Amino acid sequence: MIRYLYIIAIILLSFKSFAQFGPQQIITQTANGTQIIVAADIDGDGNSDLVSANKFGNSITWYKNLDGLGTFGSENLIATLNETTFVSAADIDGDGDIDLMAVAYFIDSVVWYENLDGNGDFSSQKIISDQADGASSLSIADIDGDGDMDIISASDFLGLAWYENLDGQGNFSTTKIIDNTISNSRSVVAVDMDDDGDVDILGNSSDTERIFWIENMDGIGTFGIRHSINEIGSYSNVIFAADADGDGDMDVFSASPGDNEVAWYENLDGLGNFGPKSTITDTLENAWTVFAADLDNDRDIDVLATSVETFGGEIVWFENLDGQGNFSTKNTISTEVQSPRSVIAADIDNDGDMDVIASSQNDDKIAWYENLTILGVEVNQIDTIKIYPNPTDGLLYIDANTESIIGAAVFDILGKKVLQLQGNKQQVDISSLESGMYFLNLKTESGQFNQKIIKK
């Protein structure tokens, strides 16, 4: 039996790691029209909790990751907000915990909620603006280089605007217009597009410039003209910035439901001059949203997207095959959804890889999918760590020398996590596991350590 398992493991490890996702794990089925989900440590316990903006429920809620393994608690109501369409998370008042910002389309509002105690008890609504005509989304960044978080809003009728955090404690300026001639601005990303060290603005519109960026001219929030990235094809519903080709600058991703397309655009010189559209797929029906992250632990950026149908849809991903932006055909994660409006990646179960979380509007569902990526040999090996005895019938001892162990996990040969431990461990008890081959993954302050282990 052990010889058989060795052969399987050798075959698996001879191939590049490939993300495989587990079955749907439902967090809630009563979210009532969730538009956006965000992963953040709301209560300061080191685990990724989830926040949702629920348009039909007129609410913002959060769900506690109870054990750091993806077991979530019941809904915690943060606020009621009329048809809220977007929520984001950051430390707005500089006190070290995570606050929340949101927009409400029909009441033209940009608001924030203070995390009062760092445990997820939030203040009443604090209005930043009630003049953001048709507010659709927002982004958070230090626009003026003073060390605190400012807010940028995208609105159907106001266009793009920003609000200065005047004192680092969440007292904001009046509206500062970036460009109010933009039609249907519904997605905005604050990111350094020209590698000059300050924060520029990436946006979308239904104008000729479907996707564009605007330069922060002086690093303190004086913005220039629009630089066009794409002027062809359908309206891009969601845009995202990440380094698709591994050259160190920010490229742009888009999802366009009108032409069933997910695409990316190369930042050719790191200065914001973009190449032509590179289509990842043009057959993803009503491609709604896009998100980029390393899903298969190979150190390049892969792509998540959703297909939206009234009573169906898909959550899919595309592998970056060479690290240079040549992507695979779609890999389906789930079809157990109805109109999936939001998909993100975060390490929900603290095992060192990126899991997938998605919300679907028409079945009021928020769910997550465990990343079952087989641990490859490319993870940093720390020579000072010794594991013994191996094989063992029970206890494994960890001699970490000067390394501080943050957590430990054991995976079977198919990449399924079978044991999770938190904190600085000197031993791991695998006596409850069946005989065979496993992989021990240790997280340390210096990196990660993988060791093939045998249970007798």
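Computed values, structure above
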item: Nonlocal amide H pairs with SER187, under 5 Å, H built at 1.01 Å; result: ASN204
item: Pairwise label distance in nanometres, SER206 with THR30, each label 7 Å out on the Cα-Cβ vector; result: 3.7
item: Residue order for VAL343, VAL199 - accessible surface, 1.4 angstrom probe, largest first; result: VAL199, VAL343
item: Under-5 Å amide H pairs with ASP91, H placed in peptide plane, nonlocal only; result: ASP99
item: Per residue, in Å², the accessible surface of the range 148-204 once ligands and nucleic acids are set aside, probe 1.4 Å; result: 34
item: Listed residues MET101, MET250, MET217 arranged by accessible area, highest first, probe 1.4 Å; result: MET217, MET250, MET101
item: log₁₀ of I(q)/I(0) at q = 0.12 Å⁻¹ - the chain, Debye sum with one point per alpha carbon; result: -1.06
item: Computed [θ] at 222 nm, deg cm²/dmol, the chain (DSSP H ≥ 4; -39,500 (n - 2.57); rounded to nearest 500); result: -1000 deg cm²/dmol
item: The chain: angle of helix 2-13 to the longest principal axis, Cα-based, in degrees nearest 10; result: 30
item: Candidate lysines for bridging to LYS417, where Cα separation is under 23 Å - those fewer than 8 sequence places away on the same chain excluded; result: LYS16, LYS64, LYS386, LYS425, LYS443, LYS452, LYS455, LYS456
item: List ARG226, ARG299, ordered by accessible area with a 1.4 Å probe, largest first; result: ARG299, ARG226
item: Alpha carbon convex hull of the range 12-134, projected area averaged over orientations, nm²; result: 9.6
item: Three-way shape label, the range 148-256, alpha-carbon gyration tensor, a/c 1.5; result: oblate
item: As computed over the range 91-138, the Cα convex hull volume per residue (Å³); result: 68
item: Contact order normalised by residue count of the chain, Cα under 8 Å, 6+ apart, percent; result: 12
item: Chymotrypsin sites (Phe, Trp or Tyr not before Pro) restricted to DSSP loop in the range 275-358 with at most 10 other C-beta within 10 Å; result: PHE311
item: Label zone at LEU77, where the point sits 7 Å out along the Cα-to-Cβ direction: the range 107-146 residues whose backbone N lies under 14 Å; result: 122, 124-125
item: In order through the range 161-169: 3J(HN,Hα) via Karplus (6.51 cos²θ - 1.76 cosθ + 1.60), integer Hz, x for Gly, Pro; result: 8, 9, 10, 7, 7, 5, 10, x, 10
item: P(r) weight above 16 Å for the range 51-121, C-alpha pairs, percent; result: 49
item: Residues whose placed amide H lies under 5 Å from that of LEU419, excluding near-sequence neighbours; result: VAL410
item: Inverse of mean 1/r across different Cα pairs in the range 215-318, Kirkwood, Å; result: 14.6
item: Accessible area of the range 180-322 belonging to carbon and sulfur atoms, whole % at 1.4 Å probe; result: 47
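The values are calculated or read from the model by the stated rules, or taken from the named source; none is laboratory data. All values reported here derive from a predicted model rather than from experimental measurement. Positions of Cβ are backbone-derived with ideal geometry, glycine not excepted, and every protein chain shown enters the neighbour counts. With ligands, DNA and RNA removed, areas are computed over all heavy atoms of the protein, side chains included. Shrake-Rupley method; radii C 1.70, N 1.55, O 1.52, S 1.80 Å.
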